[in-house]
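Notes to accompany the following structure.
Just so you know, all these numbers are worked out from the coordinates, no wet-lab data involved. What you see is a predicted model, and the numbers here were worked out from it, not measured in a lab. Cβ atoms come from the backbone with ideal geometry, glycine included; neighbour counts cover every protein chain shown.
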Amino acid sequence: MTKVLAGIRVLDFGRYIAGPYCGALLADFGAEVIRIEKREGSEDRWMIPIMPGEKTTEREGAMFFQMNRNKKGMTLDPMKPEGRAIAERLIRTADVVIANLPPETLTSMGLDYPTLSAINPRIVLTTASAFGHGGPYSNRVGFDGVAQAMSGAVYMTGEPGAPTRAAVPWVDFSTAMLAAYGTLAALMARQQTGRGQQVEGALLATALTVGITTLAEQDALGIDRAPTGNRGQTAAPSDIFQCTDGWIIVLVNGNPLYRRWAKLMGEPHWLTDPRFATDELRGDNGAAISERTQAWCDGKSVAEALALLAEARVPASPVYKPQQTLDDPHVNAMGFLERVDYPGLPKPAIVAATPIRLSETPGRIESRAPLLGEHTDAILSELGYGAAEIAAFRASGAV
């Protein structure tokens, strides 16, 4: 089957999630992606370790397995003269460079766009930083949680007086997906112009995009919303409810769904109650609607409540613990999660499959994440370096 990105070479200097997962998505669709790490391994190789061993030693982690499937791996220090020369030779062969690094670091490593385009005018540079280039915060470092906090999401997620960030790095993953989208657009533009360009993602830009509706409402109306925990504020019911053996979430938006909910609750008169005439009013009076829904859940098991909600065509689901997610029959039937082996693992590791499906040219996971420096010699040999030169590079610490 055709790999839609076959023939595209990507040099991935990324770290953590936003850069490396962008590279993983490109690799899923057939690009040759070379993950380039420091000689001792990049920081993200060791995060959330799942390899056997003691906590006193660094061990490969779940993040690295997820972000680096389908890639080759090499070590390289572009701050050394020999390493810079190797990097330049690699850049001449590449279509894309990924580097989620601050602007000043890009420049010091010779990975800024003016330097890259002078070596290879067709190169696409894909960057992802915390704040983007050109503003007063551009050289600051930052992670997913920083963008969550500055976007207003952390404040609105918590209870009053207790801001709460999401436990999952949604900003990082969303930025990676946008970066992959931008990279593909730049490659399409190159087909027309013959020239590369820089693709720039920023964690804060991503978080502001995802949270734009709350920001737009604040700008237009200045209502200064306060957090309400799990209860939504612009429609109802939109909340988490306790059953006898667990929790469920119920989400209603729009009048047709609200009519189904009111019928299920046995409250047809609530359809003519002026407090609940629109989504906006139902959000304003959501506490009463949540109270009624909770009373309906009392005495019902999760399965019983969900069966009735499904029959009424009201959106709802169980609130899972991680093991319940892994055991879910739909998750498994759809192949949303896959297993990849790795030397030393007692069993293959779980990774998320390619999250978008194409009917004719699907992405797929074909190989595990690389061992540290696993393909260094092979890549250097392909570039024309001989065994003696490679040995000298190792002796000097360039690779």
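Before moving on, here are some points about what is shown:
- Point-charge dipole on Cβ atoms (K/R +1, D/E -1) for the chain, about Cα centre, debye to 20: 640
- A straight chain from A392 to L251 at 0.36 nm per residue would run longer than the Cα-Cα distance by 44.5 nm.
- Straight-line cross-link partners of K300 among the lysines, defined as a Cα under 20 Å from its Cα and at least 8 positions apart when in the same chain: K263, K321.
- Here the range 258-381 yields Rg over Rh of 1.22, to two decimals, using C-alpha coordinates and the Kirkwood radius.
- Here the extension length gained between L337 and E217 equals 39.5 nm, from 0.36 nm per residue of separation less the Cα-Cα distance.
- Of the peptides 51-58, 247-254, the ranking by mean beta-carbon count within 10 Å, highest at the top, reads 247-254, 51-58.
- Global form of the range 10-99, assessed from the alpha-carbon gyration tensor, a/c cut-off 1.5: oblate
- Per residue of the chain, the DSSP helices (runs of n ≥ 4 H) give a summed -39500 (n - 2.57) that works out to -12000 deg cm²/dmol at 222 nm.
- Anchor K38: lysines whose Cα lies under 28 Å away (excluding residues fewer than 8 positions away in-chain): K55, K71, K72, K80, K347
- Beta bridges by DSSP in the range 83-216, antiparallel share as percent, to the nearest 5: 10
- Value of relative contact order over the range 238-320, rounded to a whole percent, pairs C-alpha under 8 Å and six or more apart: 46
- Sum of side-chain charges, N139 neighbourhood, beta-carbon under 15 Å (Lys, Arg +1; Asp, Glu -1): -2
- Net charge contributed by nearby residues that have their C-beta within less than 15 Å of S129 (K/R +1, D/E -1): -3
- Among 325-334, 189-198, the peptide with the highest mean count of other Cβ atoms within 10 Å heads the list, and the full ranking is 189-198, 325-334.
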